[in-house]
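Readers should treat all values here as calculations from the given coordinates under stated rules, not as data from a laboratory. What you are looking at is a predicted structure, and each value in this text was computed from that prediction instead of being measured. Because the Cβ atoms are built from the backbone with ideal geometry, glycine has one as well, and the counts that use them run over all protein chains shown.
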């Protein structure tokens, strides 16, 4: 590859690299929860029963809407926030890892959950979820809503 080609590639990749989330010291992505929470507040958070979230598919809200994973549980974080436990990756459900995804990075989209404010590549970098403080199925939590992409 010639030097000119490398410069052009770096110039084009710069904005994409700048948008990637920073990594925490453990190698996991450091999600900006306050910024995500501010965006969630603008999405008209609605009460939803935890049991109604289980089994919902997590989608990337773009035209093709690829399935990124499936909600398998809901945990309460030590700071009082709520994480969706999502089985992500793998092939046809085999080899999937369960990761903790903050509700601030998601929104309800009809019968699905949409990943918002975080690139889908981050899912594979999130630490494996540990069910430390499960939220009961009957409890209601608040989640923002969004429209499907058309």
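Couple of notes before you dig in:
- Taking all Cα pairs closer than 8 Å and separated by 6 or more residues, the relative contact order of the stretch 32-143 comes to 33 percent.
- Shape category assigned to the stretch 106-150 from the gyration tensor of Cα positions, a/c cut at 1.5: oblate
- The stretch 32-143: translational diffusion in µm²/s, Stokes-Einstein, Kirkwood Rh over Cα pairs, 10 °C, 1.306 mPa s: 114 µm²/s
- Packing order of peptides 129-139, 49-59, 81-91, highest average first: 81-91, 49-59, 129-139 (average count of other Cβ atoms within 10 Å over each peptide's residues).
- Whether the stretch 26-65 is rounded, prolate or oblate, judged on the alpha carbon gyration tensor where a/c under 1.5 counts as rounded: rounded
- Bins of 5 Å, starting at 0 and running to the largest distance - Cα pair percent for the stretch 52-98: 5, 22, 23, 22, 17, 7, 3, 0
- Efficiency of FRET from Cβ geometry, residue 63 and residue 142, R₀ 25 Å, rounded to 0.05: 0.35
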